[in-house]
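Notes for the one structure printed next.
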Amino acid sequence: MKIKLKAALVAVCAPAILALASAPAHALPGWDLTHTQADIAGTWARGEFWKGSDGRWYIDGDVRDTLSDGKGAALRLVALYNDGGSRPEKVWNQLGHGKDKHFAFNFAGNMKSIYLQECQLVVKDPVRKIVDYGECASVHFIARDL
């Protein structure tokens, strides 16, 4: 009887213990660019940002196209490092109105700040299907002086 009880406890508790072990070492609140200076009509960007137990910084989230105007939605991310370097990343959503594009990036542990800005995408050359940033909002720091 005691062995069955212990086995049942292990079966029930093991997933919770594993989830806690893989949790971020330094979690920051989720972010959403709505109603910030980085918010632009037609794009909705939101997600999570944390420092992992491996010392790296992680960000993931979704970018949604919120207008049926033929333009896509985009997100610019720029990580700034203590040594003066930077790393830009972009997320382009050309999936259509109401659709989310998921993204995930990780950055070196010496990152000191990260800022984001929502943008609209425009077709620069329809024949060659070249798309680029159209109008962009101002930047918004989701983390400074880390």
*Shape call for segment 95-146 from the C-alpha gyration tensor, a ≥ b ≥ c root eigenvalues: rounded (a/c under 1.5), prolate (a/b greater than b/c) or oblate?*
prolate
*Sorted from largest down, give the three principal axis spans of the alpha carbons of segment 32-125, whole angstrom values.*
41, 25, 25
_HN-Hα J in Hz across segment 112-124 - Karplus 6.51, -1.76, 1.60, θ = phi - 60°, x for Gly and Pro_ = 9, 8, 9, 10, 10, 7, 7, 9, 9, 9, 10, 7, 8
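What is the sum of charges, Lys and Arg at +1 and Asp and Glu at -1, for the other residues whose Cβ falls under 15 Å from the Cβ of Asn110?
Combined, the nearby Lys, Arg, Asp and Glu give +2.
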_In whole Hz and in residue order, list the ³J(HN,Hα) couplings for segment 55-67 that follow from phi through the Karplus curve 6.51 cos²θ - 1.76 cosθ + 1.60, θ = phi - 60°; x for Gly and Pro._
x, 8, 9, 10, 9, 8, x, 9, 10, 10, 7, 9, 10
*First select every other residue whose beta carbon is under 15 angstrom from the beta carbon of Val63; then total the charges, Lys and Arg +1, Asp and Glu -1.*
-2
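Given 0.36 nm per residue, what is the gain on full extension from Val139 to Thr66 after removing their alpha carbon distance, in nm?
Values: separation 73, 0.36 × 73 = 26.28 nm, distance 1.95 nm.
Roughly 24.3 nm would be gained on extension.
Computed from the coordinates by the stated procedures, all read-outs in this text should not be read as laboratory data. Here the structure is a predicted model, which is why all the values come from computation and not from measurement. Backbone-built Cβ (ideal geometry, glycine too); neighbour counts: all protein chains shown.
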